[in-house]
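**Student:** Please find one structure pasted underneath; my questions will follow.
The values are calculated or read from the model by the stated rules, or taken from the named source; none is laboratory data. Just so you know, these numbers come straight off a predicted model, no measurement behind them. Quick reminder, even Gly has a Cβ in these numbers, built from the backbone with ideal geometry, and neighbours come from all protein chains shown. Side chains included, ligands, DNA and RNA excluded: accessible areas come from the protein's heavy atoms. Shrake-Rupley method; radii C 1.70, N 1.55, O 1.52, S 1.80 Å.
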Amino acid sequence: MTQSSGLLTLSIKQALYYCLHRQLALLSPVLSHDRQISKQVILARGAIVWFMCIAIVLLVLMRIVDWGLPAPGSTDIPSPLAHFGLILFLIFFVFEYVVRIWTATEAHPDIQEDEAGELEADIASNHYRFGYIFSFMGAVDLLVIASLTYALVSGDYSTWPSFVMVLALFKFSRLIPGLDLVGTVIKNESQTLSALVLTLGILVIVLSTALYLIENAAQPEMFKSVANSMWWGIVTMTTTGYGDMAPVTWIGRVIGACAMLVGIAMLAMPAGILSNGFAEEIKRREQLRAWQIISNLELFSGLESGCIADIANCLKTQIIPARSAVVKKNAEADSMFFIVDGEVEVEIKPRPPRPIRLRTGEIFGEAGLLDNKRRNATIRTVRTTRFLVLELRDFHAIANEHPELMDRIKAIDEKRKT
């Protein structure tokens, strides 16, 4: 990878990894992607995503509504267009699968391909590649390919192997931002959710056994075993209530009422757990994003992790459109700004021959906080700009706890004054 004209020149392997994942370990989290890599790579990524979405939708529609494919039990052959489409989808998904295996190491830039002959690098490369192959999404990719291959080779579109291709719907989790959040939250809360499922299972067995002992004499054909009674337990505790099995004795009805009430409570708990999990995961991602941005700004380079963590917890993200005033002259100085992505212009009188502009990674507003004075200039955005804002109260708190950061800010302020 080289850098020219401010843009990174990616290798074919790196470009393919970006097109499939929309991320690359070498990219800075501070700048937007269009300011780091060429427009051609971004357009290629968009084209691949659109084609993959269309391919998934068409493939699933063809399978579930028998669009161009023979109906189950039929001896007909697929239409030429459907047959060609399946071959095209198979080629594309095989290409995707092979490329994902080949580019798996790009998520970890420490592994150098020119060291592949060395045992340690070879083991590391294979570790990450096998990590994808044996992952859930790796298994989905392989099963979709196997299902398509089976259908095309055997011509059998009626048995279950030819229906496995609908698992391609799981591929949307890579393409639609936010879908991966659901899986992450469930994984994070898996221990709590497993405990709830186990508790629900125990209650189903206990209540079903109790109902069997009570109702067997009155309804021997309906409640003929504990296992058979568990269908009633599951339907009742999930408040589905099919009505195909119901107690007739008064004791059985009391047990049924208890099962319904307990079931409502048990089903309400996962909703609270998952909603809290979503809030925690979103907060964690925002903090991680702030950490990445701060650690990549020159002002914070070399600071201890504890200092960066304290700053990340205090900073607030703010996006201001082009040609808007960020601060105005003579206004109260209540915050300082870190430019994450964008550009601002300092307006002073008399107007200097060349405009004073601050760009990504620079700060402003520190003078008013250090000297406890009003703003001495108006600052406007040149284009849409993203800031991290540190308020006055948090500024003084960090100044007391991390004097080394304040020394850097004072040095920038003194340099500007001179």
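**Student:** For segment 39-68, how many residues are at pLDDT 80 or above and outside any helix (DSSP H, G or I)?
**Tutor:** Initially, segment 39-68 is screened for residues at pLDDT 80 or above, giving 39-65.
This time we only want the ones that are outside any helix (DSSP H, G or I), so: 65.
Number of matching residues: 1.
**Student:** Given the condition acidic (Asp, Glu), under 17 Å from residue 362 (Cα atoms) and assigned to a helix (DSSP H, G or I), answer yes or no: does some residue in segment 295-304 qualify? Let's see the steps before the verdict.
**Tutor:** If we filter segment 295-304 for residues that are acidic (Asp, Glu), which is where we start, we get 298, 304.
Right, trim to under 17 Å from residue 362 (Cα atoms) and you get 298.
In the following step, the residues that additionally are assigned to a helix (DSSP H, G or I) were identified as 298.
So far as segment 295-304 goes, yes, one or more of its residues are acidic (Asp, Glu), under 17 Å from residue 362 (Cα atoms) and assigned to a helix (DSSP H, G or I).
**Student:** May I pose another question? Taking residue 186 as meeting all but one of (1) free of Cβ contacts under 8 Å to residues at least 24 places away in the same chain; (2) farther than 30 Å from residue 254 by Cα; (3) open to solvent by 50 Å² or more (accessible area, probe 1.4 Å); (4) not acidic (Asp, Glu), write down the number of the exception.
**Tutor:** (1)
**Student:** If the Cβ limit is 9 Å and pairs must be 6+ apart or interchain, which residue in segment 401-412 that is over 19 Å from residue 372 (Cβ atoms) pairs with which residue that is open to solvent by 70 Å² or more (accessible area, probe 1.4 Å) and not in a helix (DSSP H, G or I)?
**Tutor:** Close Cβ pairs (under 9 Å, with a partner that is open to solvent by 70 Å² or more (accessible area, probe 1.4 Å) and not in a helix (DSSP H, G or I)) amount to 402/304; 404/304.
**Student:** Could you list, ordered by first residue, the pairs with Cβ atoms under 7 Å in which the first is in segment 202-227 and without any contact (Cβ under 8 Å) to a residue 40 or more places away in the chain and the second is among the basic types (Lys, Arg) and open to solvent by 80 Å² or more (accessible area, probe 1.4 Å), at least 6 apart or interchain?
**Tutor:** Qualifying pairs under 7 Å: none.
**Student:** Scan segment 363-390 for residues that are in contact (Cβ under 8 Å) with a residue 60 or more places away in the chain and open to solvent by less than 70 Å² (accessible area, probe 1.4 Å) and jot them down.
**Tutor:** Keep residues of segment 363-390 that are in contact (Cβ under 8 Å) with a residue 60 or more places away in the chain, which gives 363, 381-390.
Residues satisfying the conditions are 363, 381, 382, 385, 386, 387, 388, 389, 390.
**Student:** Moving on. Of 130, 223, 163, 170, which residue is more than 19 Å from residue 59 (Cα to Cα), modelled with pLDDT of 85 or more and out of contact with any Leu (no Cβ under 9 Å at 6 or more places or on another chain)?
**Tutor:** Numbers: 223 fails: out of contact with any Leu (no Cβ under 9 Å at 6 or more places or on another chain); 163 fails: more than 19 Å from residue 59 (Cα to Cα); 170 fails: more than 19 Å from residue 59 (Cα to Cα).
Being more than 19 Å from residue 59 (Cα to Cα), modelled with pLDDT of 85 or more and out of contact with any Leu (no Cβ under 9 Å at 6 or more places or on another chain) holds for just one of 130, 223, 163, 170, which is 130.
**Student:** Spot the failing condition for residue 288; the list is (1) open to solvent by 60 Å² or more (accessible area, probe 1.4 Å); (2) in contact with a helix residue (DSSP H, G or I) (Cβ under 7 Å, 6 or more places away or on another chain), and only one is missed.
**Tutor:** With (1) open to solvent by 60 Å² or more (accessible area, probe 1.4 Å); (2) in contact with a helix residue (DSSP H, G or I) (Cβ under 7 Å, 6 or more places away or on another chain) applied to residue 288, the lone miss is (2).
**Student:** Can you find, within segment 333-351, the residue that is nearest to residue 36 (Cα to Cα) among those that are more than 33 Å from the chain's Cα centre (by Cα), of a type in the set (D, E, K, R) and assigned to a strand (DSSP E or B)? Before the answer, list the steps.
**Tutor:** Our first condition is that a residue be more than 33 Å from the chain's Cα centre (by Cα); within segment 333-351, this holds for 333-334, 345-351.
Within this subset, residues satisfying the condition of being of a type in the set (D, E, K, R) are 334, 345, 347, 349, 351.
Imposing the further condition that a residue be assigned to a strand (DSSP E or B) reduces the set to 345, 347.
Numbers: 345: 23, 347: 29 Å.
Checking each candidate, the answer is 345.
**Student:** Which one of 330, 400 is of a type in the set (S, T, N, Q) and part of a loop (DSSP other than H, G, I, E, B)? Don't jump to the end; show me each part of the working.
**Tutor:** Numbers: 400 fails: part of a loop (DSSP other than H, G, I, E, B).
Of 330, 400, the one residue that is of a type in the set (S, T, N, Q) and part of a loop (DSSP other than H, G, I, E, B) is 330.
**Student:** Report, by residue number, each residue of segment 352-362 that is surrounded by fewer than 14 Cβ atoms within 10 Å (Cβ to Cβ), charged (D, E, K, R) and not in a strand (DSSP E or B). It would help to see each step written out before you state the result.
**Tutor:** Step one: list which residues in segment 352-362 are surrounded by fewer than 14 Cβ atoms within 10 Å (Cβ to Cβ), which gives 352-355, 357, 359.
Now drop any that are not charged (D, E, K, R), which leaves 354, 357, 359.
Listed by number, the list holds a single entry, 354.
**Student:** Another question about this same structure. Mind telling me which of the residues 162, 147, 173, 194 ends up being free of Cβ contacts under 8 Å to residues at least 24 places away in the same chain, crowded, with 16+ Cβ neighbours inside 10 Å and either not in a helix (DSSP H, G or I) or not β-branched (Val, Ile, Thr) (or both)? Reasoning before the result, please.
**Tutor:** On the way: 162 fails: free of Cβ contacts under 8 Å to residues at least 24 places away in the same chain; 173 fails: free of Cβ contacts under 8 Å to residues at least 24 places away in the same chain; 194 fails: crowded, with 16+ Cβ neighbours inside 10 Å.
On inspection, the qualifying residue turns out to be 147.
**Student:** Looking at segment 208-245 only, could you name the residues that are open to solvent by 50 Å² or more (accessible area, probe 1.4 Å), among the small types (Gly, Ala, Ser) and either in contact with a strand residue (DSSP E or B) (Cβ under 6 Å, 6 or more places away or on another chain) or in a loop (DSSP other than H, G, I, E, B) (or both)?
**Tutor:** 217, 218, 241, 243
Matching residues to (1) loosely packed, with under 13 Cβ neighbours inside 10 Å; (2) touching a strand residue (DSSP E or B) at 6+ places or on another chain (Cβ under 8 Å); (3) not in a helix (DSSP H, G or I):
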position	(1), (2), (3)
274	no, no, no
277	no, no, no
284	yes, no, no
292	no, no, no
318	no, yes, yes
